[in-house]
Ligand SMILES: Nc1ncnc2c1ncn2[C@@H]1O[C@H](COP(=O)(O)OP(=O)(O)OP(=O)(O)O)[C@@H](O)[C@H]1O
């Protein structure tokens with residue numbers, strides 16, 4: 001993805017291309033799309049759309065569409081997984097413009113970006129927006145490679161993501177509107193069974209070694225895991241990652257620590273170290289799992305690079 005520049009022609013007639021994940025928010029995204037379409041028709045907006053049909057399809061749709069019509073605005077409707085895919089599909093298209101209507105269960109990206117959590121307001125903001133904003137991305141390379149918008153984690157958080165994503169029960173619990181229960185159950189399970197390991201973390205060339213490491217989190221903005229403000233001071237447009245390492249904390253204290261995240265108290269706890277940096281390499285002695293924006297992307301070791309000012313977002317006006 002090449003560096004992009006801000007600026008908008010105020011007289012331009014916009015075309016929108018919507019990519020909708022029909023299974024996001026336990027299929028609640030479909031209702032949001034129906035309402036969105038009503039508004040688009042009412043306002044006589046030019047648009048096109050497609051539904052994602054399987055995991056990874058959002059990447060293909062975004063790529064395919066930008067090849068055909070590079071000047072349209074790509075709008076993701078879904079959760080963090082959907083905007084993650086759309087942005088990865090837009091990689092390699094420096095002029096791509098992306099927008100987002102939150103319709104997922106977690107919506108950390110919307111929180112971090114200050115996008116209105118009410119889909120109708122987010123749409124209204126998008127259609128009448130005069131603002132474009134350029135944000136940073138992280139580029140990761142492990143057994144797979146790609147970009148992340150929210151955060152990348154190695155350790156306990158990725159272990160939870162892995163069991164949740166593999167879970168057959170997730171779908172059932174989502175159907176009865178109790179998706180959060182499954183996260184909490186797996187969080188407790190991993191909290192009881194996860195084995196912290198030694199991790200080497202090299203930040204902008206400086207080497208740190210941590211024993212008994214629960215997790216290392218690299219954040220592009222404050223939120224993670226569906227509203228947890230893990231890195232309160234991270235900003236998506238300052239070219240800097242906020243890095244949090246949680247290590248050498250007894251199991252019970254770790255549980256108590258999570259309650260302090262609500263007001264940012266975790267940053268002062270012994271065993272919680274924070275750093276800032278742009279290029280990070282992490283190696284785990286036991287092959288800890290890795291997640292990027294809630295998707296399991298590898299295990300063991302990972303290199304991360306700051307990609308400053310890489311995505312042009314069309315956002316609601318002030
Ligand atoms: N038609 C489909 N069938 C099954 N899975 C799909 C389909 N379309 C997209 N997906 C996958 O669904 C996953 C979850 O989507 P998404 O993250 O958008 O919603 P969510 O889980 O409700 O929200 P959040 O991540 O914000 O909690 C993504 O990894 C995506 O690849």
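FYI, it's all coordinate maths here, none of it is from the lab. Since we're looking at a predicted model, the values are computed, not measured. Neighbour counts are summed over all protein chains in view; Cβ atoms, including those assigned to glycine, are modelled from backbone coordinates with ideal geometry.
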What percent antiparallel are the DSSP beta bridges of the chain, to the nearest 5? 75 percent
Please report the spacing between the Cα centers of the stretch 68-112 and the stretch 272-318 in Å, no decimals. 17 Å
Centroid-to-centroid separation of the stretch 115-134 and the stretch 238-260 [C-alpha atoms, Å]: 33 Å
Where both residues lie in the stretch 73-192, what percent of DSSP beta bridges are antiparallel, nearest 5? 40 percent
Have a look at 28, 106, 79 and tell me which one the Gaussian network model of the chain (Cα, springs below 10 Å) gives the largest fluctuation. 28
Shape of the stretch 15-129 from its Cα gyration tensor (a ≥ b ≥ c, root eigenvalues): rounded if a/c is under 1.5, otherwise prolate when a/b > b/c, or oblate? rounded
When a footprinting reagent is the concern and you count Cβ atoms within 10 Å, what order do 306, 169, 37, 199 take, fewest first? 169, 37, 306, 199
Kindly provide the helix-only [θ] at 222 nm of the chain, computed as the sum of -39,500 (n - 2.57) over DSSP H runs of four or more divided by all residues, to the nearest 500 deg cm²/dmol? -9000 deg cm²/dmol
When a footprinting reagent is the concern and you count Cβ atoms within 10 Å, what order do 219, 284, 231, 144 take, fewest first? 144, 284, 231, 219
Checking the a/c ratio against 1.5 first, then a/b against b/c, what shape does the Cα gyration tensor give for the stretch 174-279? oblate
The exposure ranking of 312, 35, 195, fewest beta-carbon neighbours within 10 Å first, is 195, 35, 312
